[in-house]
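To start, the structure itself, in structure tokens.
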Amino acid sequence: QVQLVESGGGLVQAGDSLRLSCAASGRTFSTYSMAWFRQAPGKEREFVAAIIWSGSTYYADSVKGRFTISRDNAKNGVYLQMNSLKPEDTAVYYCAAVLLLRSSYSDSRNYAYWGQGTQVTVSS
């Protein structure tokens, strides 16, 4: 069982930066693949970024070059550095985890554990 707690969301202006954090419980964090998803009002949850257990990273085209996902296995943490934020980045951001990623890293159905979400609002 893994528990995930996100933090770092807030209200910023377009062009600003934010760093989201996800704190995970559990002794085998390094073996989990982690991801960030987001959901805007009236829209489906969408993939943002993933970092698998080996350290490889993947990004949605909409955030590539602006967002960076990283992890610190010693601290059981995963992070999302968001730069050059745009109003369309406004959403609730969720941290997700899975022990064995058997299929697509961008499919939310492949993740077993989810945090409660943190709101990111970008004003124009």
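Treating the beta-carbon of each Lys and Arg as +1 and of each Asp and Glu as -1, no other charges, what is the dipole magnitude of the chain about its Cα centre, to the nearest 20 debye?
Dipole magnitude for the chain comes out near 240 debye.
Near the amide H of T90, under 5 Å away, which other amide H atoms are found, from residues 5 or more places off or on another chain, if H is placed in the peptide plane?
V122
Hey, which lysines would be in cross-link range of K75, C-alpha to C-alpha under 30 Å, not counting anything within fewer than 8 residues on its own chain?
Hits, sequence-local ones excluded: K64, K86.
Using the Karplus curve 6.51 cos²θ - 1.76 cosθ + 1.60 with θ = phi - 60°, work out ³J(HN,Hα) for each residue of segment 110-119 in order, rounded to whole Hz, and write x for Gly and Pro.
For segment 110-119, the Karplus curve yields 8, 9, 8, 10, 9, x, 8, x, 9, 7 Hz.
Sort out for me the Cα centre separation of segment 84-110 from segment 40-82, rounded to whole Å.
If you average the Cα positions of each part, the centres end up 7 Å apart.
From the phi of every residue in segment 32-40, what ³J(HN,Hα) in whole Hz does the Karplus formula 6.51 cos²θ - 1.76 cosθ + 1.60 yield, where θ is phi - 60° and glycine or proline is x?
Values per residue, Gly and Pro as x: 8, 8, 10, 8, 10, 10, 9, 9, 8 Hz.
In a shell of Cβ-Cβ distance under 12 Å around G55, excluding G55 itself, what net charge do Lys and Arg (+1) and Asp and Glu (-1) give?
Net of charged neighbours comes to 0.
Rule-based calculations on the coordinates, nothing more; no lab input. This structure is a prediction, so every number in the text was calculated from the model and none was measured. Note: ideal-geometry Cβ built from the backbone for every residue, glycine included; neighbour counts use all protein chains shown.
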